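Shown next, in structure tokens, is the structure this report addresses.
The values are calculated or read from the model by the stated rules, or taken from the named source; none is laboratory data. Everything numeric in this text was worked out from a predicted model, so none of it was measured. Every residue, glycine as well, gets a Cβ built from its backbone with ideal geometry; the counts of neighbours run over all protein chains shown. These accessible areas exclude ligands, DNA and RNA; they are computed on the full protein's heavy atoms, side chains included. Shrake-Rupley method; radii C 1.70, N 1.55, O 1.52, S 1.80 Å.
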Amino acid sequence: MTSRERLIATLNHQTPDRLPLDLGATSQTGINASSLYQLRKALHLDEHRLKIIEPGQLLGEVEQDLLDLLGVDVVGLFNTTNYFGYKNDNWKKWEMDDGTPVWMGGGFAYDRDETGKLYVYPQGDTSAEYSAILPKGGTFFDCVPREKFDWDLEEEDLTPLEDFKDDFSVVSDEEARYWEEKSIELYENTDYGIVGMIGGGALGDAAVIPGPGIKHPKGIRRVDDWLMAHSMYPDYIKAVFRYQTDIMLKNLEIYRQAVGDRIQVVWISGTDFGNQMAGMMSLETFRELYKPFYKEINDWVHQHTSWKTFYHTCGAVSSFLDDFADMGLDCLNPLQLSAKGMDAKTIKEKYGDKFTFWGGGVDTQRTLPFGTPEEVRREVRERIDILGKNGGYVFNTIHNIVANVPPENLIAMYEEVIGRKL
């Protein structure tokens with residue numbers, strides 16, 4: 001099989017000739033540039049500056065030589081504008097705190113204080129308030145909410161559409177042309193499976209609500225305030241989601257016209273609905289505020305395209321899985337099996353015919369960064385044996401590979417997946 005055929009078979013719950021592998025196709029299945037640099041070095045690949053394709057998490061670009069060496073099957077069609085609202089172009093040199101040499105997009109603008117803490121500005125505009133911070137020695141940015149919400153306001157006095165008008169908008173003709181040209185390049189010049197990273201459908205995402213790429217965010221922006229508003233101001237939440245969904249549906253139509261059937265999967269949402277121990281909200285809240293809008297989006301995709309929908313959610317979400325299936329979710333990432341109640345065997349048996357599981361191959365909180373190569377191999381083998389049975393599984397880790405992962409552990413993981421020495 002070609003990589004694309006392998007992914008298509010997997011998405012259709014058929015058994016492929018081998019397990020499909022993803023590294024870097026989405027903003028939740030990538031690798032921190034520091035670990036990527038060390039992996040390349042350990043594999044005796046060319047040492048050079050790496051492009052940061054997603055600055056919020058400092059994810060590095062996985063280049064062709066590594067894709068070929070590992071036999072990666074899936075790549076992403078990313079947008080031109082990144083998490084902080086500037087374009088990935090006009091690259092300039094930068095060093096991470098551990099000395100990793102990288103390229104950052106030309107719009108990357110920041111200040112650094114006497115402690116070494118770094119403050120980054122949205123859209124590269126230093127006249128705006130900074131939108132994220134990176135502590136000295138840190139390996140990903142934390143959003144900074146800049147709007148102080150007045151909880152004395154009555155719900156009828158809130159302005160949800162005004163507050164979020166800059167967060168969600170119909171894409172430009174320039175972006176649509178880029179989608180078209182890049183999708184043709186990937187489809188015709190490679191045999192990779194392709195994930196369309198359109199973005200824009202992540203309802204209430206804690207990484208989006210603070211507005212890291214927005215110069216002057218308004219309204220309810222602190223994540224704790226946002227979650228409280230689910231009970232205090234549910235009509236506000238619904239109005240934001242209605243607006244966001246309407247924009248998403250317009251952009252999906254543009255996306256369909258631009259990329260056609262050249263992609264196999266479309267990334268819809270990265271909103272987390274679980275933490276380590278339980279769901280982030282009740283099922284009643286999810287069903288009232290989120291599920292109808294997600295179902296509307298999924299229904300549109302399934303009625304108008306051949307694509308499968310990709311959703312990321314961390315945490316203990318076993319109680320949500322029936323609702324995820326009912327709303328039309330196809331690919332579930334990352335399957336955080338380290339969270340409470342997330343048993344691989346039980347979930348595969350009950351939902352293996354409903355979802356393509358994408359990730360969950362090894363624990364990135366404990367085993368991969370802190371275990372031995374032998375422990376990594378054992379966990380990877382166990383996960384593959386369970387999740388890969390009868391197809392419906394794309395191998396990736398539980399979320400992105402973080403910084404400071406020993407390269408020997410990464411090599412052990414990939415050798416176990418591909419069945420050969422590197």
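The strands (runs of 3 or more DSSP E) found entirely in the range 48-95 that carry 2 or more residues being open to solvent by less than 50 Å² (accessible area, probe 1.4 Å) are 50-54, 74-77. Filtered by the rule that a residue be part of a strand (DSSP E or B) and open to solvent by 20 Å² or more (accessible area, probe 1.4 Å), the range 287-336 gives a lone residue, K308.
Residues that are farther than 18 Å from M248 by Cα, in contact with a Leu (Cβ under 8 Å, 6 or more places away or on another chain) and of a type in the set (A, V, I, L, M, F, W, C) within the range 299-320 comprise just one, F320. Every condition in (1) open to solvent by 10 Å² or more (accessible area, probe 1.4 Å); (2) out of contact with any strand residue (DSSP E or B) (no Cβ under 9 Å at 6 or more places or on another chain); (3) among the β-branched types (V, I, T) holds for V240 except the one numbered (1).
Annotation note: Cβ proximity below 8 Å between a residue of the range 378-399 that is in a strand (DSSP E or B) and a residue that is of a type in the set (S, T, N, Q) (sequence gap 6+ or interchain) occurs for Y393/T10; Y393/T356; V394/T10; V394/T356. Tell me whether the range 400-410 contains one or more residues that are touching a residue at least 60 places away in the same chain (Cβ under 8 Å), assigned to a loop (DSSP other than H, G, I, E, B) and closer than 28 Å to R4 by Cβ. Yes, the range 400-410 contains a residue that is touching a residue at least 60 places away in the same chain (Cβ under 8 Å), assigned to a loop (DSSP other than H, G, I, E, B) and closer than 28 Å to R4 by Cβ. Say we look at the range 220-232 and pick out the residues that are open to solvent by 10 Å² or more (accessible area, probe 1.4 Å), in contact (Cβ under 8 Å) with a residue 60 or more places away in the chain and not hydrophobic (A, V, I, L, M, F, W, C); which of these is nearest to S131 (Cα to Cα)? By that ranking, first place goes to R222. Contact map, the range 108-134: residues that are over 24 Å from A206 (Cβ atoms) paired with residues that are open to solvent by 80 Å² or more (accessible area, probe 1.4 Å) and among the aromatic types (F, W, Y), Cβ distance under 8 Å, separation 6+ or inter-chain. Pairs shown: D111/Y130.
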